[in-house]
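Notes for the one structure printed next.
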Amino acid sequence: MYCVVPLAGPDFYHESYGIKPFLEYKGKALIESILSARSWYPQIETFIFALQDDERSRSCAEVLQRTFPSSRFVFISNFTRGALLSSLSAVSLIDDFTKPLVVDLVDIDYDSSDFRPLSIFSDGDVKGIVPYFI
């Protein structure tokens, strides 16, 4: 399973708090705390991070590579029109389109303990899942 994480938006860095994915949250960096709590985390073979192509993002990528050793990165030269389009650029790094793909925004903390994407895909008739919030 692949996990695409779009981090190329204008809220990636803020003068007041620094690099958003590295804000402390539940005793860890926000990105590590959120991703490691997802029910599908153990099934992720490759993380693909979409980042803006700048100095801060490149130093962020170095930390992410150490935290998530199976990581790959796509660097985007301009802001896209949102996380979905940033995610589409990251999809260019996928090697095997027969494996499931999850896109995780990583700044939304929710209980995913009952959500098991691999078991849903094993049905054979399911080709995609779009979770949403009411």
Inset, instruction - Return the residue satisfying two criteria in turn: it lies in region 13-45 and is within 13 Å of the chain's Cα centre (by Cα) and of a type in the set (Phe, Trp, Tyr), and of such residues it is least open to solvent (accessible area, probe 1.4 Å). - result: Trp40
Legend entry - Flag if Leu93 is assigned to a loop (DSSP other than H, G, I, E, B), in contact with a strand residue (DSSP E or B) (Cβ under 7 Å, 6 or more places away or on another chain) and surrounded by 10 or more Cβ atoms within 10 Å (Cβ to Cβ): yes
Legend entry - Neighbours by Cβ (under 6 Å, 6+ apart or cross-chain): first from region 63-74, of a type in the set (Lys, Arg); second at pLDDT 95 or above and crowded, with 19+ Cβ neighbours inside 10 Å: Arg72/Ile48
Inset, instruction - Any residue in region 89-115 that's of a type in the set (Asp, Glu): show its pairings with residues that are modelled with pLDDT under 90 at Cβ separation under 7 Å, as long as the two are six or more apart or on different chains. - result: Asp104/Arg38
Inset, instruction - Kindly check whether there is at least one residue in region 46-63 that is under 23 Å from Phe97 (Cα atoms), open to solvent by 20 Å² or more (accessible area, probe 1.4 Å) and modelled with pLDDT of 95 or more. - result: yes
Inset, instruction - May I ask you to list pairs of residues, at least six apart or on different chains, whose Cβ atoms are under 9 Å apart, with the first in region 35-57 being among the aromatic types (Phe, Trp, Tyr) and the second being part of a helix (DSSP H, G or I) and open to solvent by 20 Å² or more (accessible area, probe 1.4 Å)? - result: Trp40/Leu118
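The values are calculated or read from the model by the stated rules, or taken from the named source; none is laboratory data. No experiment lies behind these values; they were computed from the predicted model shown. Ideal geometry is used to build each Cβ from the backbone, glycine not excepted, and the neighbour counts take in all protein chains shown. Calculation scope for accessible area: heavy atoms of the full protein, side chains included, ligands and nucleic acids excluded. Shrake-Rupley method; radii C 1.70, N 1.55, O 1.52, S 1.80 Å.
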